[in-house]
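The structure under discussion appears below in the form of structure tokens.
FYI, it's all coordinate maths here, none of it is from the lab. All values reported here derive from a predicted model rather than from experimental measurement. Here the Cβ positions follow ideal geometry from the backbone for every residue, glycine too, while neighbour counts run over all protein chains shown.
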Amino acid sequence: MFTLKPIHRDSIDSALAKAERYRLLNEPHEAESICRDILDIAPVNREARISLILALTDEIPDEPAAFARAIEAIPTLESAYDRAYYSGIAWERRAKAGISTGGPGSSNYIYDWLVKALHLFEEAERLRPAGNDDAILRWNACVRFLQSHKQLGPKAEETPEPILSE
């Protein structure tokens with residue numbers, strides 16, 4: 001059987017650059033593998049953790065289970081801002097992937113996922129470092145997405161039918 005080989009610590013920067021390139025080439029599985037190699041030797045590397053989460057969210061349209069793996073990786077991020085922001089990204093990407101794969105009734109849960117993302121981006125906005133408007137940019141992207149997909153909306157509350165006695 002084959003075993004994984006560790007990379008050298010001095011190759012982390014170039015490995016991170018390769019992971020980013022693979023994400024840009026729409027090859028998130030390759031980026032994920034590289035990030036896992038980095039994290040095997042440098043488990044606290046912030047850039048590798050974030051790149052891993054982003055690669056996993058890139059996989060969601062083809063592999064819905066990647067959402068759960070991304071959510072599982074988020075608590076490893078050290079700052080509350082990062083945890084809120086990247087959670088929002090995961091929920092946003094899950095919702096947007098659901099547009100193309102969703103079936104009847106999916107518009108309600110896709111809407112709920114976007115609302116969850118909006119709440120997380122609001123939290124990230126409150127926690128953001130000075131000069132960092134990334135959470136606002138993501139908020140605006142979600143709002144514009146909702147505006148351009150009018151079929152999305154909250155689940156209508158069901159009004160119970162009155163019981164009619166004989």
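Things worth noting here:
- Theoretical ellipticity at 222 nm over the chain - DSSP helices of four or more residues, -39500 (n - 2.57) apiece, nearest 500: -21500 deg cm²/dmol
- Size of charge dipole - segment 10-76 - debye, nearest 20, with Cβ of Lys, Arg +1 and Asp, Glu -1, no other charges: 180
- Longest to shortest principal axis, alpha-carbon extents of segment 79-154, angstrom: 42, 20, 18
- Taking 154, 129, 64 as the candidate residues, the one with maximal mean-square fluctuation in a Gaussian network model of the chain, Cα springs under 10 Å, is 129.
- Taking 30, 20, 63 in turn, the Gaussian network model of the chain (Cα-Cα springs below 10 Å) assigns the largest fluctuation to 63.
- Calculated translational diffusion coefficient of segment 10-76 (37 °C, 0.692 mPa s; Stokes-Einstein with Kirkwood radius over alpha-carbon pairs) equals 285 µm²/s.
- Centre separation in Å (Cα based) which lies between segment 71-98 and segment 14-67: 14
- In terms of other Cβ atoms within 10 Å, 3, 101 run from fewest to most in the order 3, 101.
- Most mobile listed residue (39, 118, 52) in the chain, GNM with C-alpha springs under 10 Å: 39
- Note on 56, 120, 77, 4: ascending count of other Cβ atoms within 10 Å places them as 4, 77, 120, 56, the fewest first.
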